[in-house]
Amino acid sequence: MQRDLKSTIPDYEQPAGAIKATPYVWLDPSALALRDWIAGRWILRGEISAIIAPGGVGKSSLLVATALSSASGNAFLGLELWTGAKRVWLWNLEDDRTELDRQIAAGALQHGITAADCGDRLFVDSGLDTRLCTASETDKGLIIHEPIYASLKQEISEKRIDVLVVDPFVSSHEISENDNVKIDAVAKRWKRLAIDAGCAIVLVHHSRKNGNGETTVEDARGASALLNAARIGLTLNRMTTKEADGCGIKEQAERRAIFRVDNGKSNRSPAGNAQWFKIVSVELGNATASRPSDYVGAVTAWTPPDPFDNVTIDHLRQVQALVADGDYRTSEQAKDWVGNVVAEIIGLDVDDQADKKKAKAIFKTWEANGRFKTEIRKDGNRKDRPFVAVGEVAI
């Protein structure tokens, strides 16, 4: 059965005349307008950013923190606010207004943000109070609710909104999220709104269950059309046990509070390194005579520990001196592994996996910087083996 294109593609019109190709006019690259990035390489005016995450990782708290940062002009998340404070409309379609107030209060308390810092630049709505439905299905096909988009455009223009956040995307329509044709039409209508209203739009989307594996943009639940329409695709992943071991984090509760954001689809920006965040518990101070205060999670920027914290040039000199007088191997399985020397000098315990990884990382960095090298020597059995030798001597 042929699809009714008028019902699946918004504002579809048959060209009145013959289709003609437009000759390209060459421009001076230096005269081209800069892309209007708003927050880091996450949010771009005139484009859709899609955020993909499993439940419970911290995406709603991250969005609240991003909104507070953008509205206040305070880059406390480490995201560059390229042109200062912006006007942000956060529309959460799942939580009630009271819960949103708690989340915003927690984020503001954690980062010292006040009403004066944000001025009139922050707008917040709950889908439980103000319903948002941009598309639905009937027996005749897809219906794009153009009056809704017209109303959105008018409000964005009148309030001079720079960023609209819709959380989650699935609650903003009433169509099958597995239908690529229909999701494509809706996603492109959002893109048109971003262009026509001159704002950035962030659509939050759940990932499918993948057995606790790594979430990528390909793990977005339902049709892939949303991710195809978006120009920035961010994924959230909770810190793994292996990553926690490498950072010396032993408590399960602390590990589960840390997550990273990857730009899995950077069509409009260079691919960047992952950014890490941590959820901390904030006391709201709303205790009564009979009940204790609420504690609500707030997102903060988090930096993995540097293996070279508290490592000095003198440590390197001592390791080089021992290596120069001994026979040490690069293999950590070897009894005379050079990592044991590094651990001894720096004060690490190689029986602790985190300390062992730190010793290994420190030596690998020194080796990459030319401080050590590998040379072939005879071992005790007169067989050729690779041994560690001193490279450029530390002065």
Answer residue from the range 209-228, given it is open to solvent by less than 40 Å² (accessible area, probe 1.4 Å) and not small (Gly, Ala, Ser) and is farthest from the chain's Cα centre (by Cα) among those: 226
Inter-residue pairs, beta-carbon under 7 Å, first among the aliphatic types (A, V, I, L, M) and in the range 218-246, second open to solvent by 50 Å² or more (accessible area, probe 1.4 Å), 6+ apart: 223/178; 223/180; 225/180; 229/188; 232/268
Filtered residues of the range 195-208 (kept if surrounded by fewer than 23 Cβ atoms within 10 Å (Cβ to Cβ) and over 19 Å from the mean Cα position of the chain (by Cα)): 195, 196, 197, 198
Residue within the range 308-330 that is open to solvent by less than 30 Å² (accessible area, probe 1.4 Å) and in a strand (DSSP E or B) present: no
Search result, residues across the range 338-395 that are under 18 Å from residue 312 (Cβ atoms), part of a strand (DSSP E or B) and touching a residue at least 60 places away in the same chain (Cβ under 8 Å): 390
One residue from 54, 23, 29 being within 15 Å of the chain's Cα centre (by Cα), of a type outside the set (Ser, Thr, Tyr) and open to solvent by 20 Å² or more (accessible area, probe 1.4 Å): 54
Unmet requirement for residue 343, which otherwise passes all of (1) within 30 Å of residue 48 (Cα to Cα); (2) touching a helix residue (DSSP H, G or I) at 6+ places or on another chain (Cβ under 8 Å); (3) crowded, with 18+ Cβ neighbours inside 10 Å: (1)
The range 229-260 - residue that is open to solvent by less than 20 Å² (accessible area, probe 1.4 Å) and part of a strand (DSSP E or B) and, of those, farthest from residue 52 (Cα to Cα): 258
Close pairs from the range 81-107: first touching a residue at least 12 places away in the same chain (Cβ under 8 Å), partner β-branched (Val, Ile, Thr) and exposed (fewer than 15 other Cβ atoms within 10 Å of the Cβ), Cβ under 8 Å, at least 6 apart: 91/130
Output for the range 20-46, where each listed residue is within 22 Å of residue 166 (Cβ to Cβ) and among the acidic types (Asp, Glu): 36
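Please indicate, with yes or no, whether at least one residue in the range 40-49 is among the aromatic types (Phe, Trp, Tyr), in a strand (DSSP E or B), within 21 Å of the chain's Cα centre (by Cα) and closer than 29 Å to residue 208 by Cα.
No, that holds for no residue.
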Index of the failed condition, residue 348 passing every other in (1) crowded, with 17+ Cβ neighbours inside 10 Å; (2) among the hydrophobic types (A, V, I, L, M, F, W, C); (3) over 20 Å from residue 243 (Cβ atoms): (3)
Residue list for the range 47-73, restricted to those being more than 13 Å from residue 162 (Cα to Cα), of a type in the set (A, V, I, L, M, F, W, C) and touching a Phe, Trp or Tyr at 6+ places or on another chain (Cβ under 9 Å): 50, 51, 53, 57, 62, 65, 68
Considering residues of the range 70-97 that are within 24 Å of residue 206 (Cβ to Cβ) and not in a loop (DSSP other than H, G, I, E, B) only, the residue most open to solvent (accessible area, probe 1.4 Å): 97
Lone qualifier among 359, 354, 389 - being open to solvent by less than 50 Å² (accessible area, probe 1.4 Å) and at pLDDT below 90: 354
Meets criteria (among the charged types (D, E, K, R), under 20 Å from residue 59 (Cβ atoms) and outside any helix (DSSP H, G or I)) for residue 218: no
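The values are calculated or read from the model by the stated rules, or taken from the named source; none is laboratory data. None of these values were measured; they are calculated from a predicted model. We place every Cβ from the backbone using ideal geometry, glycine too, and count neighbours over all the protein chains shown. Only protein heavy atoms, including side chains, enter the accessible area calculation; ligands, DNA and RNA are left aside. Shrake-Rupley method; radii C 1.70, N 1.55, O 1.52, S 1.80 Å.
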